[in-house]
Amino acid sequence: MTKTNTYDVVIAGGGLGGMLCAVILAKEGMKVCVLERDKQIGGCLQTFSLQKKVFDSCVHYIGGLGEGHTLHTILQYAGVMDKLSLKAYDANAFDKIAFGDEELMYPHAQGLDNFVEQLLPYFPSEREALEKYIKTITTVGDHFPLYRLRHGSADEKAAVSSWGVTQTLQDITNNTKLQNVLAGNNLLYAGVAERTPFFLHALVTESYIHSSHKVMPGSSQISKYLWQQLQAYGGEVFRNTEVVKLAEENGSITYAETADGQRYYGKQFIANVAPEVLLEWTDSPQFRTAYRKRIKGLEQTTSTFMLNVVLKPGTVPMRNHNIYWHATPDAWDAIQYQPQQWPANYAAFFTEDAQNPGYAESVSILSYMHYSEVAPFEHIINRTGHEQDRGDAYAAFKEIRAELLLDKLYQRIPELKGNIIAQSTATPLTYRDYTATPKGSLYGILKDINKPAETSIATRTKIPNLLLTGQNVNLHGVLGVSITSIATCAELVGMEYLLGKVKG
Ligand SMILES: Cc1cc2nc3c(=O)[nH]c(=O)nc-3n(C[C@H](O)[C@H](O)[C@H](O)COP(=O)(O)OP(=O)(O)OC[C@H]3O[C@@H](n4cnc5c(N)ncnc54)[C@H](O)[C@@H]3O)c2cc1C
């Protein structure tokens, strides 16, 4: 085989992490290629359509796209920010938190002061606690240098990394209801009581409090524009190109081999996949047995069931907020549900009908689902290009779960009943097959304050010319993955230099 496919940087995985690294490095004059297994690039940024309505497969709304926030600055640097069409959520409630049969819903508002003001009527004696909460999430954000686009030290992060989310919320207020309202959108980080670090909560929620937007018509616009930028800088994306091996010579990776036998040679390699997936590509002795065992044994964040419904036009009033519902008064209960209790929570995301302003055209509903529930069907892979039917039992399982979920939704949104004209569902297996995330996990490895070192993944690997990027390093989500792309690229071009350029 001749070395025609030779690059400065070969990136395996064309999710947000891989695409953003590709643009940043191509902008530096490097010859870059992205190898993506799927037909569609973007990984979790993929969209699909049902009855000609666009649905997001994962990313329904994004925090920190407003001017002045880190994410805005990074995407501006990548050349996509100005091209995106954004719909801002209601300033006084981007999310509403609901519990059980209680009719009242508690708002999470945009703007640090407004967040306090909008919750105050529901908790009139808790001004001090609400102000303390805002101060605490801001302080924690300040301790994460890259989150503020600063070059700082690991010690800064270490000072706040051991705080647990439940304990910290309890320290802020002893009002249990308020603690649960503040944690009400914990599906955004699949939080687990006594285990999830507070910083995860703080960094995610602070970004949405800063600014909450939906990308119109869907989040795949981000990957589309990243691809355009990459092409403008001479970079290439190869789709339907599954990496199966990283070949090593004298301690360094020499080429990535794909399922069709092609070899992509490079000086540097970046893996935008779960570390577990990366280890399948190489039997390098530089990854010791103990390390492989540790990675393989890491617990993943839980997965989700998703129901997407298309609505009869002009029947369901549009909500310019998302609804997070919990079956019990405890926002941390749902993640450890028993199958017979399902659904123990849901998050509902509405999309407005452009032809009937004020009405929703569709709703997407997510509810935690453990991988074990679909494990009996795990031997069947089903994704574009590898279509396989998982059979009647699986179809029946999905149908029953969709009905159970709808029953719960009708209680809070009765207009939905009788007005659904089409629906589709996704399970943890769908996520596993479409994004190659182990066990269809929502956000990758479960971060745990009780095992800080074990659950932290670095951008550098034991192989000198192989870096990691994506949601398993640092933080998940569009914001987290964008920050990690900066960290990964900084390994090649220098942090001070890159931050200087990103900040203009
Ligand atoms: C259901 C759900 C809802 C979410 N909602 C939100 C939200 O509202 N807001 C938000 O900010 N974040 C949300 N997230 C999180 C966010 O989408 C992810 O953290 C982020 O997009 C992950 O990006 P990534 O680049 O790390 O990985 P991915 O998007 O998973 O990309 C990895 C890529 O690698 C490719 N790949 C895998 N194996 C191979 C191989 N062998 N060869 C070549 N390519 C390969 C995959 O096909 C994929 O394209 C959500 C996630 C999920 C699952």
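No lab work stands behind these numbers, since they all come straight from the coordinates. All of these numbers come straight from a predicted model, not from anything done at the bench. Using ideal geometry, Cβ is built from the backbone for each residue, glycine included, and neighbour counts are taken over all protein chains shown.
A compact table of results
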{"item": "Cysteines (scope the chain) whose Cβ has no counterpart Cys Cβ under 4.7 Å", "result": "C21, C33, C489"}
{"item": "Sparsely packed GluC sites (Glu not before Pro) within the stretch 41-121, loop by DSSP, other Cβ within 10 Å at most 15", "result": "E67, E102, E103"}
{"item": "The stretch 50-98: C-alpha gyration tensor shape, a/c 1.5 cut-off, then a/b vs b/c", "result": "oblate"}
{"item": "Average Cα contact separation per residue, the chain, under 8 Å, 6 or more apart, as relative contact order %", "result": "22"}
{"item": "Proximal charge balance of G141 [Cβ under 12 Å; K/R count +1, D/E count -1]", "result": "+1"}
{"item": "Over the chain, volume per residue of the alpha carbon convex hull, in Å³", "result": "143"}
{"item": "Folded to 0 to 90 degrees: helix 198-210 orientation relative to the chain principal axis, Cα", "result": "70"}
{"item": "Global form of the stretch 191-347, assessed from the alpha-carbon gyration tensor, a/c cut-off 1.5", "result": "oblate"}
{"item": "Listed pairs K53/K447; K224/K501; K87/K267; K52/K224; K462/K503 exceeding 29 Å between Cα atoms", "result": "K53/K447; K87/K267; K462/K503"}
{"item": "Over the stretch 299-440, relative contact order from alpha-carbon pairs under 8 Å, at least 6 apart, %", "result": "35"}
{"item": "Environment charge at Q118 (Cβ cut-off 12 Å; Lys +1, Arg +1, Asp -1, Glu -1)", "result": "-3"}
{"item": "Mean shadow area of the stretch 151-200 over all directions, Cα convex hull, nm²", "result": "4.0"}
{"item": "Around E352: net Lys/Arg minus Asp/Glu count, Cβ-Cβ under 10 Å", "result": "+1"}
{"item": "Spin-label pair D333/K503, simplified geometry with 7 Å Cα→Cβ offset, distance in nm", "result": "4.6"}
{"item": "Shape of the stretch 114-209, Cα gyration tensor, a/c cut at 1.5", "result": "prolate"}
{"item": "Cleavage-rule hits, GluC sites (Glu not before Pro), the stretch 388-431, DSSP coil, Cβ neighbours within 10 Å at most 14", "result": "none"}
{"item": "If the convex hull is drawn through the Cα atoms of the stretch 299-440, its volume per residue in Å³", "result": "128"}
